[in-house]
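> If you scroll down you'll find the structure; I have some questions about it.
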């Protein structure tokens with residue numbers, strides 16, 4: 001993307017030519033400055049990478065090393081997969097992983113569809129019941145029901161122990177609707193008018209004109225939704241009694257929220273040697289991070305673009 | 001947007017919690033109908049109820065028998081198990097719905113869990129457990145009560161708001177089945193020490209079965225090996241010697257410190273221990289019907305001042321105060337020489353780390369004998385039953401009885417370790433879990449009903465050391481004067497009040513406030529609910545005596 005231009009600069013002092021490296025129109029700084037920048041960047045990268053490395057390394061470390069280090073290790077001396085084996089044995093976690101993937105994919109798709117449709121109709125002045133619906137959406141932004149009313153509603157709808165209870169209550173976020181509506185409103189009306197002259201109906205205008213222009217905002221809202229569905233566990237605590245339907249985060253929580261957080265309660269009288277608690281917790285972090293880390297690079301391009309929308313006009 | 005969702009969830013939790021507190025009384029009175037008892041009726045009746053008679057089960061004798069004062073029984077090895085039941089206790093009964101807490105990893109569901117299937121066979125009916133991680137349990141319980149469809153058996157956690165109302169109006173009265181000698185019908189419930197029962201009494205009736213915990217409570221563990229290595233005195237005779245010991249164990253240059261800040265990171269571990277030297281009461285003391293909180297005593301103030309001095313002296317880990325350390329790991333690798341932990345921590349620390357774990361008794365501050373030992377909570381929670389006909393209640397009690405079969409019975413071995421050959425094998429006289437056992441035998445039955453904890457079975461030296469500690473500590477046990485008395489304010493505002501006191505003490509030991517600041521803290525503590533708790537406790541006490 002950056003163009004390196006080497007150009008001759010002829011100066012008036014006897015025609016001596018001096019070649020200078022230019023990067024995107026700016027002269028390239030000298031070696032010391034570049035070195036300093038490199039060091040600063042290295043430190044910045046290390047600040048990001050080291051915690052990750054510590055998490056992965058600790059998850060692979062054995063008890064002796066964790067004890068010697070007093071918690072986190074930077075490099076496992078005797079790497080082993082005991083922590084992962086302990087978590088993944090018995091099939092509970094792998095099952096929960098499938099549940100979470102299902103909820104995330106289905107939930108994100110449903111959320112995006114509903115939010116897009118709602119935001120688009122609310123972005124067109126004069127659409128059916130425009131004002132009351134907009135006010136209702138805004139109302140839910142400012143007044144949220146409590147845990148118990150929400151629970152009672154879910155229960156009365158017969159959704160307890162159903163995957164739907166993990167999707168429907170959070171499917172349409174008012175704030176998302178407002179962001180998307182604002183984005184749609186920025187799309188020039190002339191484009192819509194032109195489409196209409198060409199004979200397109202509202203649905204065609206949405207799918208052929210508006211959505212292709214809105215990839216960035218869709219990616220952003222989609223990612224936000226996916227992360228929220230992926231990380232959600234509290235609704236499952238309340239609505240899902242059947243542990244076979246628990247999402248990954250809730251199952252992993254049973255490892256993290258261990259005795260350490262509540263003072264020891266009972267010692268395991270069989271004297272079973274479990275992997276170190278710290279390694280288990282870090283292994284859990286890795287397991288729950290991987291899917292998001294896999295998806296993020298593909299969305300990141302849109303994500304960055306989406307963040308800049310509206311920042312600069314022109 | 002994700003922030004938005006998180007904040008919304010937080011908001012739900014907060015408003016939900018409030019809703020539970022606000023909604024519960026009206027909701028409860030709606031369900032309770034006529035016959036609700038007023039607090040004064042309740043207190044006078046509390047006095048009248050006869051607690052279950054304690055009859056230790058004696059078909060298997062431990063190597064070291066339990067004492068009536070609360071020293072735990074000890075086992076050096078696994079006794080040959082006897083069959084305590086000849087037939088499934090709930091044969092032919094309806095399935096039992098159970099709601100309980102989960103403190104470990106989630107076990108596979110019944111369909112994929114050979115242990116759970118065998119459990120159902122041995123009990124005689126299906127046990128349908130709804131398990132909820134401990135941290136989320138209060139919210140789960142609040143929604144279950146709000147929804148109105150209670151399970152047959154539920155664990156009531158100690159922080160549930162309006163606990164007395166919930167138990168007496170929504171749950172079954174167990175008095176006629178458990179009071180006095182009636183409990184002999186359920187020999188393993190009769191085997192639960194008397195210490196665990198008083199808190200099960202509400203409104204003049206027994207409304208729950210305890211999950212017994214030993215009265216010994218929290219222990220101040222030490223790295224006995226480090227103390228010996230440096231030739232220090234492991235049994236300080238007064239505060240000055242204790243301070244010497246702490247200073248002797250501290251070596252800043254080598255990252256060696258005496259204390260961390262405890263699991264709450266506010267130095268309460270040491271404040272409490274120094275308080276034990278000074279004779280600070282356990283939560284509440286009573287004199288002539290008047291109640292005084294531990295926070296209001298001069299001794300408590302003194303304990304905070306002395307702890308602040310210890311912080312100044314540099315014997316605390318530099319990140320201890322106001323931070324949260326991985327204390328167990330740091331104890332294990334020698335960075336910390338002391339750690340305050342529940343009594344079960346002894347085995348956990350000694351099994352996990354290759355170190356010698358010791359326990360320090362608090363001496364009197366100025367010497368001349370032992371200090372006090374604060375009694376621990378004698379029950380993990382309250383196992384309550386949904387209202388039902390007597391026949392069903394008897395079935396549920398029979399289930400709890402089965403679940404409380406102690407070490408020495410085949411029922412205990414199955415409950416804790418599963419099926420021999422499948423979930424565990426016996427090696428050198430002790431069970432060793434198989435991989436399948438590690439995964440499947442995680443059904444949290446111990447948070448439905450359990451037998452009293454015992455020391456061991458472990459190697460003789462450790463059991464003897466634990467036993468010796470308890471024999472020395474138990475005579476100095478102080479119980480709270482509020483034990484067995486109920487105060488709504490104490491349950492509903494307890495967390496907030498504890499925070500006021502802890503935060504105030506933290507300000508002082510961190511050196512941000514002088515010790516005089518403690519008076520302001522106590523004033524605030526009284527205004528925010530401390531006085532209200534006192535008034536309720538005094539009223540309850542007056543009624544009961």
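> Measure off 7 Å from each Cα along the Cα-to-Cβ vector at residue A:34 and residue B:527, then give the distance between these two points in nanometres to one decimal.
Modelled inter-label distance: 6.6 nm.
> Follow-up question, since we're still on this one. Residue B:80 to residue A:47: FRET efficiency via 1/(1 + (r/R0)^6), r the Cβ-Cβ distance, R0 60 Å, to the nearest 0.05?
Working from the Cβ atoms, E equals 0.50.
> Here's a follow-up. Which percent, nearest 5, of DSSP beta bridges in the protein assembly as shown are antiparallel? Walk me through the intermediate numbers first.
On the way: 38 of 56 bridges.
About 70 percent, rounded to the nearest 5.
> With the crude spin-label approximation of a point 7 Å out along Cα→Cβ, what separation in nm comes out for residue B:426 versus residue B:313?
For residue B:426 paired with residue B:313, the spin-label model returns 5.2 nm.
> Another question, then. Give me the inter-chain shielding for B:325-333: mean count of other chain Cβ atoms within 10 Å, whole number please.
Whole-number average of other-chain Cβ neighbours for B:325-333 is 6.
> Which order do B:347, B:63, A:193 fall in if you start with the one that has the fewest other Cβ atoms within 10 Å?
Exposure proxy ranking, most exposed first: A:193, B:63, B:347.
> Same structure again: So if R0 is 45 Å, what FRET efficiency would residue B:240 and residue A:292 give, r being the distance between their Cβ atoms, rounded to the nearest 0.05? Before the final figure, lay out the partial values.
Numbers: r = 56 Å, r/R0 = 1.25.
The value I calculate is 0.20.
> Turning to a different aspect of this structure: Which Rg and Dmax, in Å, describe the Cα atoms of segment A:72-113?
16.3, 49
> Rounded to whole Å and ordered largest first, report the semi-axes of the equivalent ellipsoid of segment B:182-227 derived from its Cα gyration tensor (root of 5λ).
Largest first, segment B:182-227 gives 34, 14, 6 Å.
> Compute the FRET efficiency between residue B:60 and residue B:461 as 1/(1 + (r/R0)^6), taking r as their Cβ-Cβ distance and R0 = 30 Å, and round to the nearest 0.05.
So the FRET efficiency works out to roughly 0.85.
> In addition: If N is the number of residues in chain B, what value comes out of its Cα radius of gyration divided by 2.2 N^0.38 Å?
My calculation over the Cα atoms of chain B gives 1.00.
> What's the exposure ranking of B:432, A:33, B:96, going from fewest to most Cβ atoms within 10 Å?
Fewest-to-most ranking of B:432, A:33, B:96: A:33, B:432, B:96.
> Right, here's the next one. What is the spin-label model distance, in nm, from residue B:184 to residue B:516 if the labels are put 7 Å beyond Cα along the C-beta direction?
Rounded to a tenth, the inter-label distance reads 6.5 nm.
> Sticking with this one: On the Cα set of the protein assembly as shown, report Rg and Dmax in Å, please.
In order Rg, Dmax, the Cα atoms of the protein assembly as shown give 31.4, 117 Å.
> Can you give the average number of partner chain beta-carbon atoms within 10 Å of each beta-carbon in peptide B:425-436, as a whole number?
Going residue by residue through B:425-436 and averaging, the value is 2.
> Follow-up question, since we're still on this one. When ranked by the protection proxy of mean other Cβ atoms within 10 Å per residue, highest first, what sequence do the peptides B:250-261, B:74-85 form?
Top of the packing list down: B:250-261, B:74-85.
> Counting each pair of different Cα atoms once, what's the Kirkwood radius of segment B:439-483 in Å, rounded to one decimal?
13.7
> What order do you get for B:360, B:280, B:209 when you list them from fewest to most C-beta neighbours inside 10 Å? If you can, show how the numbers build up before the last one.
Numbers: B:360 20, B:280 25, B:209 31.
Going from least to most buried by this count: B:360, B:280, B:209.
Taken together, the values in this text are just the output of simple stated rules run on the coordinates, not laboratory data. Predicted model, so just to flag it, every value in this text is computed and none were measured. We place every Cβ from the backbone using ideal geometry, glycine too, and count neighbours over all the protein chains shown.
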